[in-house]
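The values are calculated or read from the model by the stated rules, or taken from the named source; none is laboratory data. Note that this is a predicted model, so its numbers are computed, not measured. Quick reminder, even Gly has a Cβ in these numbers, built from the backbone with ideal geometry, and neighbours come from all protein chains shown. These area figures cover heavy atoms from the full protein model, side chains too; ligands, DNA and RNA do not enter into them. Shrake-Rupley method; radii C 1.70, N 1.55, O 1.52, S 1.80 Å.
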Amino acid sequence: MGILYGIGVGPGDPELLTMKAHRILHQADVIFCPEKEAGAGSFAFDIIEELVKEAKAEIVNLVYPMHYHGEKLQTMWEMNAGVIAGYLEGDRTGAFITLGDPAVYSTFMYTLPYIERRGVTVEVVPGVPSFCAVADSMKMPLAAWSEDLLVMPVGRKGGGDLGEILRQHDNVVFMKPSANQEALVRAIRENGLEDSFVLVTKSGTGEERLITDFEELEQYDIPYLSTVIVKNPRKRGE
């Protein structure tokens with residue numbers, strides 16, 4: 001069997017791709033691209049498309065539905081692992097691209113155990129997480145001195161829990177804020193943090209949008225590819 005590289009392509013700016021990732025993408029026989037449904041296309045591939053125009057790789061899209069039905073997801077992960085293994089027979093090289101970093105909420109890591117069970121050697125190549133890119137673009141430290149930092153998805157907590165989290169931590173990164181925008185907005189308002197947040201959508205792309213005004217946040221329909229950072233000045237002052 002061949003080798004598969006799980007490659008983080010960053011949040012959206014192609015220039016944030018690492019040199020190692022760039023080299024592997026140009027050496028790969030196959031590039032695997034996750035998409036939410038057949039024909040939907042892959043945002044991860046959109047990031048690297050111009051960079052691999054002259055590459056020899058075959059492009060293969062793999063469907064990863066955006067739901068949390070455990071058994072169906074596991075079946076899809078195992079099926080996709082079988083597809084990947086089939087393409088890598090005969091000592092071929094594959095690259096599975098994923099947004100941000102593979103270790104942070106990536107579809108690649110869910111599939112990884114099933115791929116290894118099929119005898120495929122796997123290596124993981126880091127990428128720039130969206131929240132790091134957002135903080136850097138804002139010249140904002142994610143954490144300084146003895147401050148703590150929590151990274152979590154919004155969808156797994158209700159409004160009350162989000163408020164408690166904001167009171168307990170110095171810095172909070174909310175991933176997937178579109179999953180429960182109402183709860184997030186309410187938690188920010190009820191904790192008096194209307195001037196202490198930043199939301200970035202499609203970071204590093206031509207469609208990037210930055211929101212720091214709370215009234216604008218209340219009226220904005222947050223899309224999927226978004227990140228919210230909230231810094232609690234009162235917590236830091238304790």
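Tabulated data
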{"read-out": "For segment 28-120: relative contact order, % (alpha-carbon pairs under 8 angstrom, 6 or more apart)", "value": "36 percent"}
{"read-out": "Gyration tensor over alpha-carbon atoms, the chain, equivalent ellipsoid semi-axes in Å", "value": "35, 19, 16"}
{"read-out": "Where labels lie 7 Å past Cα in the beta-carbon direction, separation of ILE3 and TYR110 in nm", "value": "2.8 nm"}
{"read-out": "Accessible area per residue, Å², the chain with all protein chains present, probe 1.4 Å", "value": "50 Å²"}
{"read-out": "20 Å Cα-Cα threshold exceeded, pairs from LYS36/LYS72; LYS72/LYS202; LYS20/LYS202; LYS20/LYS176; LYS53/LYS176; LYS53/LYS202", "value": "LYS72/LYS202; LYS20/LYS202; LYS20/LYS176; LYS53/LYS176; LYS53/LYS202"}
{"read-out": "Bins of 5 Å, starting at 0 and running to the largest distance - Cα pair percent for segment 155-233", "value": "3, 16, 30, 28, 16, 5, 1, 0"}
{"read-out": "Stretchable slack from GLU89 to LEU51, in nm (0.36 nm times residue separation minus alpha-carbon distance)", "value": "11.1 nm"}
{"read-out": "Within the chain, helix-based [θ] at 222 nm, where runs of 4 or more DSSP H residues each add -39,500 (n - 2.57), nearest 500", "value": "-10000 deg cm²/dmol"}
{"read-out": "For segment 1-134, radius of gyration divided by Kirkwood radius, i.e. Rg to Rh on alpha-carbons", "value": "0.94"}
{"read-out": "Gaussian network model of the chain, Cα within-10 Å springs - most flexible of ALA144, ALA28, ALA179", "value": "ALA144"}
{"read-out": "Length released on extending from THR18 to LYS139, taking residue separation times 0.36 nm less the Cα-Cα span", "value": "41.4 nm"}
